[in-house]
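A.B. asks: Below is a structure I'd like to ask you about.
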Amino acid sequence: MTRLPVFLLGAGLLCLSAPPAFAQTASPNILLIIADDMGLDASPCYDVGARTPSMPTLEALCEDGLVFENAYAAPMCSPTRATIMTGRYGFRTGVGTAVGLRSRGGLSTDETSLFTFLDRHAPDHYAHAVIGKWHLATNAYGGADHPELMGVDHYAGLLAGTLDDYGIWLRTEDGVSEEVSGYVTTAFTDEAIDWIDRQGDDPWFLWLAHVAPHLPLHLPPAHLHSYGHLTGTQADMDARRLDYYFAALEAMDTEIGRLLGSMTPDVRENTVVLFIGDNGTPARTIQSPFERQRAKASLFEGGTRVPLIVAGAGVTRAGERDDALVNSTDLFATIADLAGVSTATAGPEDSISFAGLLSNVVRDEWRGFAYTEHFGQTGAAVNPRRAQRFGWAIRDERWKYIELENGDRFLFDLASDPFESDNLIDRLASDQNLNAVADRLRRQADALRAE
C-alpha cells in the first residue's frame, strides 16, 4: 500500500485519489460486537500472548475477513463506547474514563449519536438496537432512559459497567429495569437472536456489547468452554486467573457462534460483522510481553491497542491483515459508510471511515496518527495514583509519544520496540532527530486538542 506524506489537522489524514468506498452494493446488515476488556494478548488472531483461548468463531472471522494490526481505543470502557457512539474524542464529549464515581455523569444527550445519524442520513431505513452493556450514563444523565435519549430504537441489557454475579443481574429494557437470573452472555445472545428474527426485509444495525470477559472472574456454564477442571471457588479463581478469564472468552465465542448460526443463509450472507475489544486486558490477567502496570487503564499498548476484525458482506480481503492506523472513533464513519452514508461533510470531525480497506480498492484517505486519552475528575489533586494513569498518547506509523498528568513523558520507536521497553525521552537533549519527533507529535496533539 503506497502512502503519501500529507498531513492535515483534525483527525490526521493521508490522502489519495477517491475510488469507491466499499464493494457491497446492497445495504448490508451491520453487526457490531464489543468484547469487554479483551486485549491483543487474549486474542487467537494476534501472535502476542503465550497462551490464547480456543475461539473458533473469532478465528473463522479472522480467516474470512480483515484483521487490523493497529487499532486503538481508550484504555477504559465508557470512553471507548462514547467514541464509537459519537465519532468524537473524549476531550470533546467529556467522557474520559469509566462513567461513575471517577467521572462526570456520562455522555450528553446533546451529542449526535450514530443511531440518530443513521436515521437522518441513511438512504435506506435501518432498524437498530443495542443489546448488552451500556455504561454511558448515570441517573443524572438519563439513567434507564439514556439509550432511548441517544436515539436507540430498542435497548435491552446491563446499564452498569460491571456486575457482581454473572448469573443474577439487573436487566433494563427500553427504560424498565428488573432483576433477572441466567448467564448474562447467553441472555444477551438470546436477546440478539430474538431481535434479528423480528426484523423484516429492511436492513438492520445491531450493537451487541458483551460484558465478558470483564472482571469479576467467574465460572461460565460448562458447555460453553473447554476448561472442565475449574471448580468456581474463590481459591481456585485466585490460583487459575487466566483459565477463568479464558473460559469467559470461550463462552462468549461459543455464543457468538450460536448467534451467527441462527441467521438464515440470506441474512448471514448480507451481514457484515465488526468485532472489537473496548480496551486492553486487565492487569490481573494480562500476559507478557505486556506488563501489569501497562494494562487496562493505562495509555501504553497493553491498555489501548485492541483486536479489530471485520468479516462478512462486502469484505473481499479474506484472511488478510492491514497495518493502517485506526481509532475507535472511526467505527462511527465506517458503519455509516457501510449503511450508504458519506460522513465527509456532515460527520463527526474525529472519525474516518476504513470501509474502503475492506475490499481490494485502495482507500482515498486514512489516519496519519492515532490518538487516545484517559482523564477524569479524580486527578492528581485528589488521588496521586490517578495522575500515573491519566494523560494522553499519540502515535504515527513509527513513533509513539505519551504525556501523563504527573509529568512523566515517554517516546517509543514502535518499529523496533513494539512493546515499549525502551523509553527514549531522556535522549532528546542529545539527539536532535528524536527531539524533533517528540516535538512534532506533541504539537499534533496540542493542535488537535486546541480545536
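A.B. asks: Using only the Cα atoms, work out Rg/Rh for the stretch 378-450, with Rh taken as the Kirkwood radius, to two decimals.
C.D. replies: Radius of gyration relative to Kirkwood radius: 1.00.
A.B. asks: Taking the Cα centre of each part, how many Å lie between the stretch 115-133 and the stretch 398-413?
C.D. replies: 38 Å
A.B. asks: Still on this structure, please answer the following. Please list 3J(HN,Hα) in residue order for the stretch 422-429, calculated via the Karplus relation 6.51 cos²θ - 1.76 cosθ + 1.60 where θ = phi - 60°; whole Hz, with x for glycine and proline.
C.D. replies: For the stretch 422-429, the Karplus curve yields 10, 6, 8, 5, 6, 9, 5, 5 Hz.
A.B. asks: State, as an integer percentage, the relative contact order of the chain based on alpha-carbon contacts under 8 Å between residues 6 or more apart. Each step should come with its number before you reach the end.
C.D. replies: Working: 1043 pairs, mean separation 116.8, N = 451.
Normalised by residue count, the contact order of the chain is 26 percent.
A.B. asks: Any idea what the relative contact order of the stretch 378-450 is, in percent, if you count C-alpha pairs under 8 Å spaced at least 6 apart? Walk me through the intermediate numbers first.
C.D. replies: Values: 86 pairs, mean separation 15.3, N = 73.
Reported as a whole number, the value is 21 percent.
A.B. asks: Okay, moving on. With charges set only on the Cβ (+1 for Lys and Arg, -1 for Asp and Glu), what does the dipole of the chain come to about its Cα centre, in debye to the nearest 20?
C.D. replies: Numbers: 36 positive and 62 negative charges, 271 e Å.
Charge dipole of the chain: 1300 debye, to the nearest 20.
A.B. asks: Right, next: Take the alpha carbon atoms of the stretch 284-303, find their center, do the same for the stretch 231-274, and report the distance between the two centers in whole angstrom.
C.D. replies: Rounded to whole Å, the Cα centres lie 22 Å apart.
A.B. asks: Ranked from highest to lowest mean number of other Cβ atoms within 10 Å per residue, what is the order of the peptides 403-410, 73-80, 328-335, 90-97? Intermediate results must be reported in sequence, preceding the final value.
C.D. replies: Values: 403-410: 16.1, 73-80: 29.9, 328-335: 28.2, 90-97: 23.0.
Put in order of decreasing packing, that is 73-80, 328-335, 90-97, 403-410.
A.B. asks: Using every pair of alpha-carbon atoms in the stretch 28-368, split the distances into 10 Å bins beginning at 0 and state the percent of pairs per bin, rounded to integers.
C.D. replies: Result returned by the calculation: 6, 28, 38, 24, 4, 0.
A.B. asks: In nm, to one decimal, how far is the modelled label at VAL267 from the one at ALA344, with both set 7 Å along Cα→Cβ?
C.D. replies: If labels sit at VAL267 and ALA344, their model points lie 3.5 nm apart.
A.B. asks: Same structure again: Shape call for the stretch 192-314 from the C-alpha gyration tensor, a ≥ b ≥ c root eigenvalues: rounded (a/c under 1.5), prolate (a/b greater than b/c) or oblate? Display every interim value, and only then the final one.
C.D. replies: Details: a/c = 2.97, a/b = 1.57, b/c = 1.89.
Oblate, because a/c is 1.5 or more while a/b does not exceed b/c.
A.B. asks: I would also like to ask the following. If you stretched the chain out fully between GLU178 and GLU451, how much longer would it get, using 0.36 nm times the residue separation minus the C-alpha to C-alpha distance? Don't skip to the answer; put the middle values down first.
C.D. replies: Numbers: separation 273, 0.36 × 273 = 98.28 nm, distance 4.26 nm.
Gain in length upon complete extension: 94.0 nm.
A.B. asks: Summing -39500 (n - 2.57) over the DSSP H runs of n ≥ 4 in the chain and dividing by its residue number, what mean residue ellipticity at 222 nm do you reach, to the nearest 500 deg cm²/dmol?
C.D. replies: Details: 13 runs with 118 residues, N = 451.
Counting only the DSSP helices, I get -7500 deg cm²/dmol.
A.B. asks: Another question, then. With θ taken as phi - 60° and the coefficients 6.51, -1.76 and 1.60, list the Karplus ³J(HN,Hα) couplings across the stretch 134-151 in order, rounded to whole Hz; mark glycine and proline as x.
C.D. replies: 9, 6, 10, 7, 9, 4, 5, 10, x, x, 5, 8, 4, x, 5, 5, 8, x
A.B. asks: Where in the chain are the helices, taken as whole DSSP H runs, whose Cα atoms extend 27 angstrom or more along the long axis and whose Kyte-Doolittle mean reaches at least -1.0?
C.D. replies: 241-262
A.B. asks: Given all pairs of different Cα atoms, what value in angstroms does the Kirkwood hydrodynamic radius of the stretch 85-191 take? Walk me through the intermediate numbers first.
C.D. replies: Numbers: mean 1/r = 0.0684 Å⁻¹.
This gives a value of 14.6 Å.
A.B. asks: Right, here's the next one. Which order, highest average first, do 218-230, 57-69 follow once you tally other Cβ atoms within 10 Å for each residue and take the mean per peptide? Each step should come with its number before you reach the end.
C.D. replies: Working: 218-230: 16.2, 57-69: 19.8.
Descending packing order for the listed peptides: 57-69, 218-230.
A.B. asks: Using unit Cβ charges (K, R positive; D, E negative) and no other charged atoms, how large, in debye to the nearest 20, is the dipole of the stretch 255-348 about its Cα centre?
C.D. replies: On the way: 9 positive and 11 negative charges, 87 e Å.
The dipole magnitude comes to about 420 debye.
Laboratory data are not the source of any read-out in this text; all were calculated from the coordinates shown. Quick caveat: nothing in here was measured; it's all calculated off a predicted structure. Cβ: placed from backbone, ideal geometry, glycine included. Neighbour counts: every protein chain shown.
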